[in-house]
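For reference, the structure discussed in these notes is given below.
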Amino acid sequence: MERRPASSTEARKSRHLDICLDEDVASTLDAGFSVVRLRHEALPEMALTEVNARTSFLGRELRAPLLVSSMTGGTARAGAINRNLAAAAERAGIAIGLGSQRAALEDRALLETYRVRDVAPHVLLFANIGAVQLNYGVTAADAKAIVESIGADGLYLHFNPLQEALQPGGDTNFSGLLEKIAQVVAATTVPVIAKSVGSGISVHTARRLLGAGVAAIDVAGAGGTSWARVEGRRAGDSRRERLAETFAGWGYPTAEATRALRKALPGVPLVASGGVRSGIDVAKAVALGATLCGLAQPLLEPATRSADAVFEALDDLIAGLRIAMFASGCRALADLPGALLETAE
Ligand SMILES: Cc1cc2nc3c(=O)[nH]c(=O)nc-3n(C[C@H](O)[C@H](O)[C@H](O)COP(=O)(O)O)c2cc1C
């Protein structure tokens, strides 16, 4: 494909990293986990070591229901971050999605910044591209190529109309995409997953995406990183920033969206992400119906340091999840929905 200069995409990606590392860009909505309560079991009748947090997602076994959510790629710094994230995910036995590969479609030299198979040969790995790019020159064959070029096991398509609308020169033509998504599904031999970027996905939209052949839905709901706020900070123009800030509380909170999607779509693989911040949040999300939970921003700073730092953060999350399961009397993840104390919705 031949589109805008790669350097503009590169500069944008680098600025996103700085903003997400240094500034407060959290949604003004709560992800909703604080009002979800799990049973406390004073007599769990098992040893903590008996807790089993293993699961499977899209046919692959994972040691815990966790995913490093899509973040970056396209610059040397992003390449180092991706390798640290992937090596840690491999060691923890969880899944990872890379950031949008649009930069690598614009400039093939940037492909290296997404290649992680040498440090993570077995990890469940997802490629990523913005769905709207299918209206801006990216073809179903390109989508297939970005999966194959990094040896990915699946493809994430992200849906970010709010982010594009708040970006100067954003790609805002989202018309006719469903048919193109079906073409991507037909062209790729791996599962395609649809995700938001911090605003959530409604039941109605999830049904349309599943109808186009998507294999799983990642809520990527509100309550964590707000992409409206990130784009506002990046604008460098006070009018635009004010406009973006009015959307700081936009979207479906993650817990709410997860519950609604699970209720409406019982068998569909579902990822809860957006504002997941602890092992307890992971336990609550699984209780609400998530198959996996994804985190992005909390893993970014450790990823700028080392794979060990990311692994430590993941290990703490898994420890928190296991203790939450133990203290609510849940031996396996499948027991968690039964430990939910009903709250007013
Ligand atoms: C620095 C950064 C870059 C991101 N880039 C992408 C991206 O390229 N593609 C995508 O689908 N999501 C991207 N996201 C969104 C995340 O995958 C996730 O949906 C969102 O940040 C909410 O999760 P969180 O609250 O744990 O950060 C990015 C997030 C961060 C923090």
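The values are calculated or read from the model by the stated rules, or taken from the named source; none is laboratory data. All figures in this text were calculated on a predicted structure; none of them were measured in a lab. Because the Cβ atoms are built from the backbone with ideal geometry, glycine has one as well, and the counts that use them run over all protein chains shown. Note: areas computed on protein heavy atoms with side chains; ligands, DNA, RNA excluded. Shrake-Rupley method; radii C 1.70, N 1.55, O 1.52, S 1.80 Å.
Those helices (runs of 4 or more DSSP H) of the stretch 159-271 in which 2 or more residues are under 29 Å from Val25 (Cα atoms) occupy 161-166, 203-211, 227-235, 238-245, 254-264.
Quick one: how many residues across the stretch 74-92 are touching a strand residue (DSSP E or B) at 6+ places or on another chain (Cβ under 9 Å) and over 16 Å from Arg305 (Cα atoms)? Steps first, answer last, please.
Of the residues in the stretch 74-92, the ones touching a strand residue (DSSP E or B) at 6+ places or on another chain (Cβ under 9 Å) are 82, 85-86, 88-90, 92.
If we keep only those that are over 16 Å from Arg305 (Cα atoms) as well, we get 90, 92.
The qualifying residues number 2.
Counting only residues that are among the basic types (Lys, Arg) and either within 15 Å of the ligand (Cβ to nearest atom) or crowded, with 22+ Cβ neighbours inside 10 Å (or both), the stretch 178-206 holds 1 of them. Number of residues in the stretch 82-91 that are within 16 Å of the ligand (Cβ to nearest atom) and farther than 17 Å from Ala152 by Cβ equals 2. Restricting attention to the stretch 96-122 and to residues that are of a type in the set (Gly, Ala, Ser) and more than 26 Å from Leu178 (Cβ to Cβ), the residue that is least open to solvent (accessible area, probe 1.4 Å) turns out to be Ala120. Of the numbered conditions (1) buried (at least 18 other Cβ atoms within 10 Å of the Cβ); (2) in a helix (DSSP H, G or I); (3) within 16 Å of the ligand (Cβ to nearest atom), Leu125 fails exactly one; give the number of that condition. For Leu125, the failing item is (2). Among the residues of the stretch 235-252, are any within 16 Å of the ligand (Cβ to nearest atom), under 28 Å from Leu340 (Cα atoms) and open to solvent by less than 10 Å² (accessible area, probe 1.4 Å)? Within the stretch 235-252, none of the residues are within 16 Å of the ligand (Cβ to nearest atom), under 28 Å from Leu340 (Cα atoms) and open to solvent by less than 10 Å² (accessible area, probe 1.4 Å).
Val138 satisfies every condition listed in (1) open to solvent by less than 30 Å² (accessible area, probe 1.4 Å); (2) outside any helix (DSSP H, G or I); (3) closer than 25 Å to Pro65 by Cβ except (3). For the stretch 262-285, a residue qualifies if it is more than 19 Å from Ser226 (Cβ to Cβ) and either open to solvent by 10 Å² or more (accessible area, probe 1.4 Å) or modelled with pLDDT under 95 (or both), and the qualifying residues are Arg262, Lys263, Ala264, Leu265, Pro266, Gly267, Val268, Pro269, Ser278, Ile280, Lys284. Against the numbered list (1) assigned to a loop (DSSP other than H, G, I, E, B); (2) at pLDDT 95 or above, Thr343 comes up short only at (2).
Here Leu209 passes the criteria (1) in contact (Cβ under 8 Å) with a residue 60 or more places away in the chain; (2) within 16 Å of the ligand (Cβ to nearest atom); (3) over 21 Å from Leu105 (Cβ atoms) except the one numbered (1). Taking each residue of the stretch 143-165 that is within 13 Å of the ligand (Cβ to nearest atom) and looking for partners that are among the hydroxyl-bearing types (Ser, Thr, Tyr) with beta-carbon atoms closer than 6 Å, six or more apart or interchain, yields Leu155/Thr188; Tyr156/Ser70; Phe159/Ser196; Leu162/Ser199; Glu164/Thr172. When the stretch 53-75 is filtered for residues that are more than 16 Å from the ligand (Cβ to nearest atom), open to solvent by 30 Å² or more (accessible area, probe 1.4 Å) and not charged (D, E, K, R), the ones remaining, listed by number, are Ser56, Leu58, Gly59. None of Ala186, Ala216, Ala248 is aliphatic (A, V, I, L, M), out of contact with any Lys or Arg (no Cβ under 8 Å at 6 or more places or on another chain) and over 19 Å from Val268 (Cβ atoms) except Ala186. Residues that are closer than 21 Å to Leu341 by Cβ and within 13 Å of the ligand (Cβ to nearest atom) within the stretch 259-292 comprise Ala272, Gly275, Val276, Arg277, Ser278, Asp281, Val282, Ala285, listed in sequence order. Of all residues in the stretch 29-52, those satisfying the criterion of being at negative phi and either under 19 Å from the mean Cα position of the chain (by Cα) or within 11 Å of the ligand (Cβ to nearest atom) (or both) are Leu29, Asp30, Ala31, Phe33. Remark: Arg63 falls outside the filter, which requires a residue to be in contact with a Ser or Thr (Cβ under 9 Å, 6 or more places away or on another chain) and at pLDDT below 95. Among the residues of this structure, Arg240 does not count as one that is of a type outside the set (A, V, I, L, M, F, W, C) and at pLDDT 95 or above.
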